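The values are calculated or read from the model by the stated rules, or taken from the named source; none is laboratory data. Note that the structure is predicted; figures quoted are calculated from it, not measured. Because the Cβ atoms are built from the backbone with ideal geometry, glycine has one as well, and the counts that use them run over all protein chains shown. To get the accessible areas, we keep the full protein, side chains included, count just its heavy atoms, and leave off ligands, DNA and RNA. Shrake-Rupley method; radii C 1.70, N 1.55, O 1.52, S 1.80 Å.
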Amino acid sequence: MKAVVNKDGCISCGLCVSTCPEVFSFDEDGIAEATGKLTDDNFASAESARSACPVAVIDIVEE
């Protein structure tokens, strides 16, 4: 499984980065991206970030 951010719809609110910094970060333009690996330890917080995203641009998909 991996997290994916639709960068075209991201509003840079930072919720995902603050909820799960192990997986999400900001790129050089201030748009969120999924750069970290999903693990058993961070999956629940990544799922919380996905669910809480105000513009629903985060997906968790099979690799």
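Pairs are defined by a Cβ separation below 8 Å, a sequence spacing of at least 6 or placement on different chains, a first member in the stretch 41-63 that is in contact (Cβ under 8 Å) with a residue 60 or more places away in the chain, and a second member that is open to solvent by 60 Å² or more (accessible area, probe 1.4 Å) and in a loop (DSSP other than H, G, I, E, B); the pairs so defined are Val61/Met1; Glu62/Met1; Glu63/Met1.
Within the option set Glu63, Glu47, Glu22, being modelled with pLDDT of 95 or more, part of a loop (DSSP other than H, G, I, E, B) and either open to solvent by less than 30 Å² (accessible area, probe 1.4 Å) or among the charged types (D, E, K, R) (or both) holds for one residue only, Glu22.
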